[in-house]
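Below is one structure, written out as C-alpha cells; comments come after it.
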Amino acid sequence: MEQLPTYDDVVRAHERITPHAHRTPVLTSRLTDAELGLSAYFKCENLQRMGAFKFRGAFNALSRFDAGQRRAGVVAYSSGNHAQAIALSAALLDIPATIVMPHDAPAAKLAATRGYGAEVVIYDRWSEDREEIGAALAKERGLTLVPPYDHPDVMAGQGTAAKELFEETGPLDALFVPLGGGGLLSGTLLAAGALAPDCAVYGVEPEAGDDGRQSLRAGRIVHIDTPDTLADGAQTQHLGTRPFPLIRDHVSDILTASDAQLVDGMRLFASRLKMVVEPTGCLGLAGARALAERYRGKRVGVIISGGNVDLDRFARLVGG
Ligand SMILES: *Cc1c(COP(=O)(O)O)cnc(C)c1O
C-alpha cells in the first residue's frame, strides 16, 4: 500500500484546488449558540461546488493524473456526491468520466452527474457489488478508478475544508465531522493535528450503521450490511483501509445520530441559517448537540458536509 497522506499533502491539495473550489463560508447562529450553551462555527460545505465537500478530494485526485490517465479517463462508483464531484472535476480538467451509480440514487444526483457530461452505469444497490463493477470497467477500458474515500489524494483533498475552518476561526475545542467511509474524517484529522493539536475531533455516523464506532472499539475494520438510514451519503458498509489507521490513532471518539436527529438538524439549518442541508450533512450538528454539556461555553466547529437533497424529499422531511 502507498504511504498514508500527511498534512503536507493537505497543503499541496489546497494549492491545487484553490483556483477551482469555493472557499465556503463559516456561519454562526446566536440562537443556536444560546440553545446549545456554546459557540458553534459551521463550515458550510453544502455551499461548495456541486453541493458537497467531495469536490475537494475528487479535484485533487484528478489533478494528479498523468497524460495517459487523462486521455483514457476516470471511473468512479458512488451513491451520489462523489459521482457528481468526479463528473464536475473531470469536465473541468477535460477528462472523460464513467460513473457507476445505484438504481435508487436521488434523481437530482443522477441528473446532475449526467449534466456534467459523464457516462452513468446503473447497478442494483442490494444485489450487485459496485466495487467489482468499477474494477471491471477500469480493466476493460483502461480507466483509472478513483474511490470515494479509500485514496490518499481524496483524503488529503477532503482535509482542506478543516484547514480553511481553522485558518478562519483559530484553534477550536472540538470539531464534529460526518463519517461514512472516513475520507473526510481522516483528512480533517491531518489538518487538526497540524493546526489545532488540542482540538478534540469527533466522527459522527448514522445510528443504523455504526460500523465506525464498532471498528474503533474492536481495533480493526468491522463490516456491516448496507444500513437503512436517511443519511444516504454515509450508507457505507465499512471504513476505508487508508482512513482507518488515522482515525484509530487520532480521533477522540465516534458518535452516532438517529434519523430523527438528522431531520431536526435540517429544520434548524433551514429556519435559523436559511440553508438547505441534506440529512447526511446534519451528522456533525447532532454530534455537537450530544456533547453540548461537555463543551459548555467552549468553541466548537461543525462541518456541514453537503446540501444535495431533492426538493420534494426536503419538503417532506422538514414539513412532517
Ligand atoms: C460522502 C459524504 C459523507 C461521508 O464522507 P466519507 O469521506 O465517506 O466519510 C458525509 N456527508 C456527505 C454529504 C457526503 O457526501
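The values are calculated or read from the model by the stated rules, or taken from the named source; none is laboratory data. It should be emphasised that the depicted structure is a prediction, and the values quoted were computed from it without experimental measurement. For neighbour counting, all protein chains shown are included, and Cβ atoms are generated from backbone atoms with ideal geometry for every residue, glycine included.
Of the numbered criteria (1) in a helix (DSSP H, G or I); (2) under 28 Å from Y41 (Cα atoms), the one A91 fails is (2). Taken across the stretch 32-50, residues that are of a type in the set (V, I, T), closer than 24 Å to E164 by Cα and not in a strand (DSSP E or B) do occur, with at least one present.
Just for the stretch 157-204: of the residues that are β-branched (V, I, T) and closer than 15 Å to G284 by Cα, which one is farthest from the ligand (Cβ to nearest atom)?
Among those residues, the one meeting the criterion is V201.
Checking the structure you have, find out if any residue of the stretch 303-318 is assigned to a loop (DSSP other than H, G, I, E, B), away from the ligand (no atom under 12 Å from the Cβ) and under 25 Å from T160 (Cβ atoms). Checked the stretch 303-318: no residue is assigned to a loop (DSSP other than H, G, I, E, B), away from the ligand (no atom under 12 Å from the Cβ) and under 25 Å from T160 (Cβ atoms). Can we say V154 is within 13 Å of the ligand (Cβ to nearest atom), touching a helix residue (DSSP H, G or I) at 6+ places or on another chain (Cβ under 6 Å) and of a type in the set (A, V, I, L, M)? Against the criterion (within 13 Å of the ligand (Cβ to nearest atom), touching a helix residue (DSSP H, G or I) at 6+ places or on another chain (Cβ under 6 Å) and of a type in the set (A, V, I, L, M)), V154 qualifies.
Being charged (D, E, K, R), modelled with pLDDT of 95 or more, over 29 Å from T113 (Cα atoms) and in a helix (DSSP H, G or I) is the requirement here; does R294 meet it?
no
For the stretch 211-223, indicate whether the set of residues that are in contact with a Ser or Thr (Cβ under 8 Å, 6 or more places away or on another chain) and either within 12 Å of the ligand (Cβ to nearest atom) or of a type outside the set (V, I, T) (or both) is non-empty. Taking every residue of the stretch 211-223 in turn, at least one turns out to be in contact with a Ser or Thr (Cβ under 8 Å, 6 or more places away or on another chain) and either within 12 Å of the ligand (Cβ to nearest atom) or of a type outside the set (V, I, T) (or both). I want to confirm something. Restricting to the stretch 110-128 and keeping residues that are over 21 Å from A61 (Cα atoms) and under 21 Å from the mean Cα position of the chain (by Cα), which single residue is surrounded by the fewest Cβ atoms within 10 Å (Cβ to Cβ)? So, considering only residues that are over 21 Å from A61 (Cα atoms) and under 21 Å from the mean Cα position of the chain (by Cα), the one surrounded by the fewest Cβ atoms within 10 Å (Cβ to Cβ) is A111.
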